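The values are calculated or read from the model by the stated rules, or taken from the named source; none is laboratory data. Remember, it's a predicted structure, so these values are computed and weren't measured experimentally. As a convention, Cβ positions derive from the backbone with ideal geometry for all residues, glycine included, and neighbour counts pool all protein chains shown. Remember, those area values only see protein heavy atoms, side chains included, never the ligands or the DNA or RNA. Shrake-Rupley method; radii C 1.70, N 1.55, O 1.52, S 1.80 Å.
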Amino acid sequence: MSDELLALHGIETRIGRYHILHGVDFAAQRGRVTMLLGRNGAGKTTTLRTVMGLWRASAGRIMFDGRDIAGLGTPDIARLGIAYVPETMGIFSQLTVRENLLLATGREGLTDERLDRLFSLFPALKERFAVPAGVLSGGQKQMLAIGRAVIEPRRLLVVDEPTKGLAPAVIQVLIDAFRRLKQSETTILLVEQNFHMAVSVGDDVAVMDDGRIVHTGSMADLAADDALQHRLLGFSLAVHQ
Amino acid sequence: MKRDWAPYAVLPVLVLIALPAMGVTNWLVLTVAGLAMGAMLFLMAAGLTLIFGLMDVLNFAHGAFITLGAYVAVSVVAPLAGWAMADSWVMNLAVFAVAIVIASIVSGAVGWGFERVIVRGVYGAPLQQILVTMGGLIVAQQLFIVLWGADAIPLLKPTAFGGSIVVHGAAIEKYRLIALALGLAVFVALHLLLSRTRVGLLVRAGVENREMVEALGYRVRRLFVGVFVVGTALAGIGGVTWAFYQELVTAQLGGDMTILVFIILIIGGLGSVGGSLVGAMLVGLTTNYVGFLAPTVSLGSNILLMVLILLWRPRGLFPVAHG
Ligand SMILES: Nc1ncnc2c1ncn2[C@@H]1O[C@H](COP(=O)(O)OP(=O)(O)OP(=O)(O)O)[C@@H](O)[C@H]1O
Ligand SMILES: [Mg+2]
C-alpha cells in the first residue's frame, strides 16, 4: 500500500450533463511507469484531467502520497510536485522555448545543469532555444512539453498520448527519453496507444473502457497475451502501431 | 507557422491612400489628429483586451473607469488651477502628471473592488457578465451625477498644452503630440512588462492557455486581479487624456467610447496588446479622415472598417492562438 504514490478510488466525473467516469479505481506505484490504456473515448484524458483538478470529481477520492487531493485546485495540485503534459501539449506558442521552460521553474530558474540535462534528452531543443515555440515542429513541441514537465524534479509525471500524430523517428526519441526518465526513479502515469512506447517503458497497466477500469496488471503480461489485448482494447497492440 | 506581415501593412497603407484624397496640409493635420486619438483609445482599450484575453470576462463597465478618471482629473485640477494656468510649463506638466497619477490610482482601486465584488461572481458565465457589467455602467453613471452633478464640467488644458505648432503650413495641436507620446510610452512600458518579466510572460501564457498556466502551479485568478487593476487604471489615464482633449467632462464620457473600444479589440484581435494599439490607430485615423471627407458617415465608417477587416481576418489582425 505504501508504495502507491497516486491512487484513485471510485472516481466519478461528469462533464456538463454527461456522466463520463463511472468509478475509476487504480494506482500508480512509486518509481514505476503506469500505462493507462483503452480505446478512443474510454475516458483516459478525462481521468488525467480529473487528477489535475481540471475537471472536478463528483465522487471518489484521489490519494496522492497519502493525502486526498480531489478537492484541490489545479495550481495547488501542481505545487505538490505533479507535472502534466496534456494531449494538446499546452505549449505557449507566442513565448520562446526558453520562456516556456522558465515558467515551469521556481526560484532557481534555468540553471546550466538543468539545461544540460534537458538538451541531453532532447538535443533538438538546443538550437531552437530562442525561437517562439509556435514555429516548432510537432515533434519538437512535444519534446518541449515533456522537457517543461521535467525541467525541475517532480514527484509524479502525468503524460497524455505523447506520440499522437508523430513520425516514427520522433517517437523513438521520446521512447529513449522516457527510458532515461525511468532510470531517475520518477513516477510516471502515461496514456499511450503506441505499442513500442507502451512495451518499452511501461511497468504496470490499467485498462479503461467506458469510464471504468476493466483490467490492471503488469505490462509484460499484457504484452505477451494477444487474446487479452483483443478483449480489452479491441485490437492487438502489435498490429496497432 | 511563418510570421504574417500583412496585418502590419494595414496602418501604413491607410495613411498613404489618404494622402492624395486630401492634400498634404490637411493630411498632416488629420494624420496627427488620428494618431493622437488612437493613442488615447489605446489607453482605454489595452487593459480591456487583456481582461478579456485572460479570463474571457466581458466587462461592459470598462467605460465607467474611463469616466471616473476624467472626473478625478476635474477634482484634482480644480484646487491646482493656479498651476494649470501658470506661465510655467513645469507647473503645467506637474498638474497633468498629478491628475494622471491620482486618476490611475483611484480607477485601479475601484477596479480592484469591482473585480472582487462584482466580476468574481460571474466567471465563466458570459450572459451574466454582460447583464451585471452593463448594470454596473448604468449605476456608475448615476453615481457620477450624484457626486459631480448632471451638468457638463469644463476641464481646460494647462496653458503650455494648448496652442499649435505649424509644420508645413499645417497647424498641429500640441496636446495631440503629448497624447500621442503618452500613449506610445504606455505601449512601450506594457510591452516591456509583458515580454521581460515573469508576471508578464504568465499573463501572455494565460491569455493563450489558462489551464496550462494553472497546471504549472500558478493561480491565474490572482494574476487576473492584477491585470484588472492595471487595465482599469489605464482606462482612468485614458479618461484623463480624453477629458483634457475635449475640455469637457460628462457622465457619459466613457460610456460613449465603449463601442469604439470594442471595435478596437475586435479589429486588433482579442487578447493582443499590440493588436489593440494598431486597432486604436486605425479607428483614430478612420474617424478623422472620414470625418473630413464625408462627415455624415463618421461612426458608420468604423463599423465598416471592422467588417472589412473581419472579412479579411475573421479573428482580427493579431489573433492570439489558443492552445
Ligand atoms: N468536454 C467534453 N464534453 C463532453 N463530453 C466529453 C468532453 N470531453 C470528453 N468527453 C467525452 O468523454 C468520453 C471520454 O473522453 P476522453 O477524452 O476522456 O477519452 P480518451 O480515452 O482520452 O480518448 P482518446 O483516445 O480519443 O483520447 C468520450 O465519450 C468523450 O466524447
Ligand atoms: Mg484522450
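In the P(r) worked out for the stretch B:210-323, what percent of Cα pairs fall beyond 18 Å? When every Cα pair of the stretch B:210-323 is considered, 62 percent fall beyond 18 Å.
Inside 10 Å of the C-beta atoms of A:84-92, what's the mean count of C-beta atoms belonging to other chains?
Per residue, the number of nearby Cβ atoms from other chains is 5 on average.
Of the peptides B:60-69, A:220-229, the ranking by mean beta-carbon count within 10 Å, highest at the top, reads B:60-69, A:220-229. Counting pairwise Cα distances across chain A, what percent come out greater than 27 angstrom? The share of Cα pairs beyond 27 Å in chain A comes to 33 percent. Taking every DSSP helix (H) stretch of at least 4 residues in chain A, weighting each as -39,500 (n - 2.57) and dividing the sum by the residue count yields a mean residue ellipticity at 222 nm of -9500 deg cm²/dmol. Once you reduce the stretch A:8-37 and the stretch B:140-187 to the center of their Cα atoms, the two points are 60 Å from each other.
Ignoring lysines fewer than eight residues from A:LYS182 along the same chain, the ones with Cα atoms less than 26 angstrom from its Cα are A:LYS44, A:LYS126, A:LYS141, A:LYS164.
Coordinate range of the alpha-carbon atoms in the stretch A:91-153 per principal axis, descending: 27, 21, 17 Å. For chain B, the mean residue ellipticity at 222 nm estimated from helices alone is -25500 deg cm²/dmol, where every DSSP H run of n ≥ 4 contributes -39500 (n - 2.57) and the total is divided by all residues, rounded to the nearest 500.
Once the Kirkwood radius over Cα pairs is known for the stretch B:1-97, the Stokes-Einstein relation at 37 °C and 0.692 mPa s delivers a diffusion coefficient of 189 µm²/s. Measuring from a point 7 Å past the Cα of A:SER218 along Cα-to-C-beta, which residues in the stretch A:163-197 have an amide N at less than 18 Å? None, by backbone N distance to the label point.
Projected label points at B:GLN142 and B:VAL98, each 7 Å from Cα along the beta carbon direction, are separated by 3.4 nanometres.
For the residues B:GLU208, A:GLU185, A:GLU12, a 1.4 Å probe over the protein chains yields an accessible-area ranking, largest first, of A:GLU185, A:GLU12, B:GLU208. The slack between B:LEU19 and B:LEU308, meaning 0.36 nm per residue of separation minus the straight C-alpha distance, is 102.0 nm. Across every pair of non-identical alpha carbons in the stretch A:1-99, the mean reciprocal distance, once inverted, gives a Kirkwood radius of 14.5 Å. For B:TRP89 and A:GLU108, a Förster radius of 51 Å and the Cβ-Cβ distance give a FRET efficiency of 0.55, rounded to the nearest 0.05. Mean per-residue shielding of peptide A:101-111 is 2, counting Cβ atoms of other chains within 10 Å of each Cβ. Legend: mean number of C-beta atoms from other chains within 10 angstrom of residue C-beta atoms, peptide B:202-210, equals 4. Put simply, chains B and A cover up around 2100 Å² of each other's accessible surface, both sides summed, when a 1.4 Å probe is used. Spin-label model, A:ASP210/B:ALA78: points 7 Å from Cα along the beta carbon direction are separated by 7.4 nm. With K and R counted +1 and D and E -1, the other residues having a Cβ less than 12 Å from that of A:ASN100 yield a net charge of +3. At an R0 of 35 angstrom, the distance between the Cβ atoms of A:HIS9 and B:MET134 translates into a FRET efficiency of 0.15.
Counting 0.36 nm for each residue step from A:ASP116 to A:ARG67 and taking away their Cα separation leaves a gain of 14.2 nm.
For the stretch B:14-31, 3J(HN,Hα) computed residue by residue from phi via the Karplus equation (6.51, -1.76, 1.60; θ = phi - 60°) reads 4, 4, 6, 6, 6, 3, x, 6, 9, x, 4, 5, 4, 4, 4, 4, 6, 5 Hz, glycine and proline entered as x. Descending by average beta-carbon neighbour count within 10 Å, the peptides A:159-170, B:99-110 line up as B:99-110, A:159-170, the highest first. Assuming charge only on the beta carbon of Lys and Arg (+1) and of Asp and Glu (-1), the dipole of the stretch B:193-259 about its Cα centre is about 440 debye to the nearest 20.
Backbone N atoms of the stretch B:243-258 closer than 20 Å to the 7 Å Cα→Cβ label point of B:ILE165 belong to residues B:245. Mean silhouette area of the stretch B:25-251, derived from the convex hull of its C-alpha atoms and averaged over all directions, reads 13.8 nm².
Measuring between their Cα centroids, the stretch A:135-157 and the stretch B:91-139 lie 39 Å from each other. Taking all protein chains as shown and a probe of 1.4 angstrom, B:VAL297 keeps an accessible surface of around 70 Å².
All alpha carbon pair distances within the protein assembly as shown were sorted into 10 Å bins beginning at 0; the resulting P(r) in whole percents reads 3, 16, 22, 20, 15, 11, 7, 3, 1, 0.
Kindly rank A:90-98, A:14-22 from highest to lowest mean number of other beta carbons found within 10 Å of each residue. Provide the component values of the computation, followed by the final result.
Values: A:90-98: 22.3, A:14-22: 13.6.
Averaged packing, sorted descending, gives the order A:90-98, A:14-22.
Set Lys and Arg Cβ to +1 and Asp and Glu Cβ to -1, take the dipole of the protein assembly as shown about its Cα centre, and tell me which of A:LEU125, A:MET197, A:HIS19 lies farthest positive. With unit charges placed on the Cβ atoms, the residue in question is A:LEU125. By DSSP, the beta bridges lying fully in the protein assembly as shown are antiparallel in about 60 percent of cases.
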